[in-house]
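Here's a structure for you.
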């Protein structure tokens with residue numbers, strides 16, 4: 001996770017700011033279409049964070065399981081990856 005950790009944290013910080021901005025838009029009775037455009041941007045940015053985390057899991061956790069030669073660990077990590085892909089729509 002180290003190589004993508006700062007990138008992930010930076011993206012999450014931006015997302016946090018975007019969500020606060022959306023809350024202010026709602027408080028200020030901004031036009032619904034403008035608010036929805038921002039919520040779409042947040043969803044897209046969150047998908048980017050998910051991709052980083054999935055990539056990290058595949059590159060490290062799954063790769064380590066394969067290298068271990070432990071069939072049970074390999075099955076476990078493979079099943080985790082499939083479950084994550086199903087949850088995230090990947």
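Rule-based calculations on the coordinates, nothing more; no lab input. It should be emphasised that the depicted structure is a prediction, and the values quoted were computed from it without experimental measurement. Neighbour counts are summed over all protein chains in view; Cβ atoms, including those assigned to glycine, are modelled from backbone coordinates with ideal geometry.
Which value in nm describes the separation of the simple spin-label points at residue 12 and residue 39, placed 7 Å from the Cα toward the beta carbon?
If labels sit at residue 12 and residue 39, their model points lie 2.4 nm apart.
Looking at the chain as a GNM with Cα springs under 10 Å, which of 76, 27, 16 has the largest mean-square fluctuation?
Largest GNM mean-square fluctuation: 27.
Angle check, please: helix 2-27 long axis (alpha carbons) against the longest principal axis of the chain (alpha carbons), in degrees 0 to 90, nearest 10.
Tilt of helix 2-27: around 30 degrees.
If the chain were replaced by its equivalent ellipsoid, with semi-axes equal to the square roots of 5 times the Cα gyration tensor eigenvalues, what would those be, largest first, whole Å?
36, 14, 7
To the nearest 0.05, what FRET efficiency results for residue 86 and residue 61 with a Förster distance of 22 Å applied to their C-beta separation?
0.85
Cα centroid distance between the stretch 63-77 and the stretch 16-34, in Å?
Using only Cα atoms, the two centres lie 45 Å from each other.
Moving on. Fewest first, what order do 26, 42 take by the number of other Cβ atoms within 10 Å?
26, 42
Report, to the nearest 10°, how far helix 32-56 tilts away from the longest principal axis of the Cα atoms in the chain, using its own Cα long axis and a range of 0 to 90°.
Value to nearest ten degrees: 20.
Sticking with this structure for a sec: Based on DSSP H runs of at least 4 residues, each adding -39500 (n - 2.57), what is the mean residue ellipticity at 222 nm of the chain after dividing by all its residues, to the nearest 500 deg cm²/dmol?
Estimated from H runs of four or more residues: -28500 deg cm²/dmol.
What is the angle, in °, between the Cα long axis of helix 71-88 and the longest principal axis of the Cα atoms in the chain? Nearest 10 is fine, range 0 to 90.
The two axes meet at around 20 degrees.
Highest GNM mean-square fluctuation, the chain, Cα pairs closer than 10 Å: which of 79, 28, 56?
28
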